[in-house]
Amino acid sequence: MPSPRTSAPSTTTGSDALLYLLFGVLGAATAFGSLTWLTGNLTNAAVGSGSWAPFRATDALLHPEVLWPALSTTALLVGARILPGLLTLALITTGLVLWMRWRVGSKSGLARKSDLAPLLDKEITAKAKSLLPSLGDRECKRGRSRRPRHPARHPRPRSCRGSRLLGGRDRRDHGPAFR
């Protein structure tokens, strides 16, 4: 019995780009057809003598002379081709600029230097001192404290230990110390 598929199939960047392109072309065609209908009706109301045509974006896009027969060819060209084309280009440009700003906002998922600045030592120390002013007189995290250390809790480094801490033997002459 084959195991059921547990993960979605991977998509490639090319198929995503083609999908975005398809949506963009369909959106631009819809916008151009709607704007052709709107500007054709506005041109007809301003220059022509016909009535407001019902919404048929496909007919306005493919056969504007059928929807507005009273318009001259120049008015039809300007009102149903040039003006909606310019408006559609403006919409496409605005949409692409906004999409690029939204999509390309962060180039990588990593934090930038300005994002990490509040986490650096100087900023953390300044914040701690502002929250608890008694920390201001300390030199550093591992600096000298006011009280002497207890020898059992804070052993001296190996270089400061005497021969009795090395098991009673001198390491230079007799090898490593016993533990």
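Would you mind computing Rg(Cα) / (2.2 N^0.38 Å) for segment 9-123, counting N as its residues?
Here the Cα radius of gyration is 1.71 times the empirical estimate.
Report the convex hull volume per residue for segment 37-89, counting only C-alpha atoms, in Å³.
Enclosed volume per residue, from the Cα hull, is 64 Å³.
Order these peptides, 53-65, 109-121, 15-27, by their mean beta-carbon neighbour count within 10 angstrom, highest first.
My ranking of the peptides, most packed first, is 53-65, 15-27, 109-121.
Coordinate-derived values only; no laboratory data. Note that the coordinates shown come from a computational prediction; the quantities given were computed from them, not determined experimentally. Neighbour counts run over all protein chains shown; Cβ positions are idealised from the backbone, glycine included.
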